[in-house]
Each structure stands twice: as C-alpha cells, then as structure tokens.
Amino acid sequence: MKKPKQVLPPSVPGANLILAVDPGDVHVGVAWFDEVDGAWGCVYTEEMTPDEFRSYLGPAVNSGFFRYVVLESFGLYGDKALQQTGSQMLTSQMIGMVKYAVWLAQQKGVVVTRVDQPPSDKKAVFAILAHKKYDFTADRLKVPGQHVKDAEVHGIKFIRDKMGWKMRKNVELWTEPLS
C-alpha cells in the first residue's frame, strides 16, 4: 500500500483549514483549503485508495488543523439501484467512516464541523469554474483522477456558500512531504 505524501499539514499556529473529501469505491479525493487575510485557496490535493484514506482520516481529523470537513453525501438514486444489487457499496462505507471519525473527534473535544453536500452540486460549480478558467490545484500538482477534482469542487462550493467566493489565485501550494 502506497503511503500518502502528507498525512497532516505543516504546523501552522491557529490553523483553520478546510478538508474536502470526495469518496469513491476505488479512489478517494481530498483537498485542503487555507485562509489568508479573508481569502481562501486550495493548497493541496491528493487521491488515495480507500485503505490509504482509512489510515489518513483519523490523524487528519484529530489533528485540530481542520475546522471543517466537507463531504459528498450519499443517496441511492432509483436509476442506479439495480446496478448496486450485491454491491458492498464502498462509497457509502467511506462516507459513514468520515461521519464517524468527525463525531469521534468531536467527542474528544476537537473543534471540527462536518458539512454534507449532495453530489448534484458539483455540476453547476464545475460549469462556473470552467467559465472563470479556474486552474485546478490537482492539475497544478499533477495529481491525476476525477475524485481529487471533485473534492476541490466540494471545498469551493462550501467556500462560495459560506464565504462569498473569496478565493485566492496563485496560491502557494504545499508540495513537500512531511518528515
């Protein structure tokens, strides 16, 4: 099993980061957002296997760095129900694991809030970002995969809804692994 490049962000006093997660049965995308002077930027993205994500999640949520965990919610759509017959529904398991990890951290006194977003929210945000010619952090860091971009979009949607589109451009990216 490949180890994620970074488990926790650099030690930043008073960190107030957002962790956005797009779960999947084969890959899980994560994106970190940092705020400087009232404007947010996506500073790091990574796509992991579900096993890598399981190892990553507990330490990340309990670190105290992330104030929000933005998560794609799960609903079984009628047109997809037949395809899921006999499935282990690993995506819904990943979502349940995130919900439980956040709840567990809260019980330990960690200040972290979970925010659920329906998958349908992504389409409109992708269209807006395409119009604005948004340069995905995943592309800048050369992180392949759709889940990582979806995670970035979930974070942007949360920031747009809660912070009024105050996004930074030319964000300094966190690319160095922690020792």
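The values are calculated or read from the model by the stated rules, or taken from the named source; none is laboratory data. Please read these numbers as outputs of a predicted model, since none were measured by experiment. Don't worry about glycine lacking a Cβ; one is built from the backbone with ideal geometry, like all the others, and counts go over all protein chains shown.
Quick one: in the range 70-120, which of the residues that are part of a loop (DSSP other than H, G, I, E, B), over 22 Å from R160 (Cβ atoms) and polar (S, T, N, Q) is modelled with the highest pLDDT? It comes out as Q88. All conditions in (1) more than 13 Å from E152 (Cα to Cα); (2) part of a strand (DSSP E or B) hold for D25, with the sole exception of (2). Listed by first and then second residue, the pairs linking a residue in the range 111-123 that is farther than 17 Å from F66 by Cα to a residue that is among the hydroxyl-bearing types (S, T, Y), with Cβ atoms under 6 Å apart and 6 or more places separating them unless they lie on different chains, are P118/S73.
Just so you know, in the range 35-69 the residues that are on the phi < 0 side of the Ramachandran plot and exposed (fewer than 12 other Cβ atoms within 10 Å of the Cβ) include one that is modelled with the lowest pLDDT, and it is V36.
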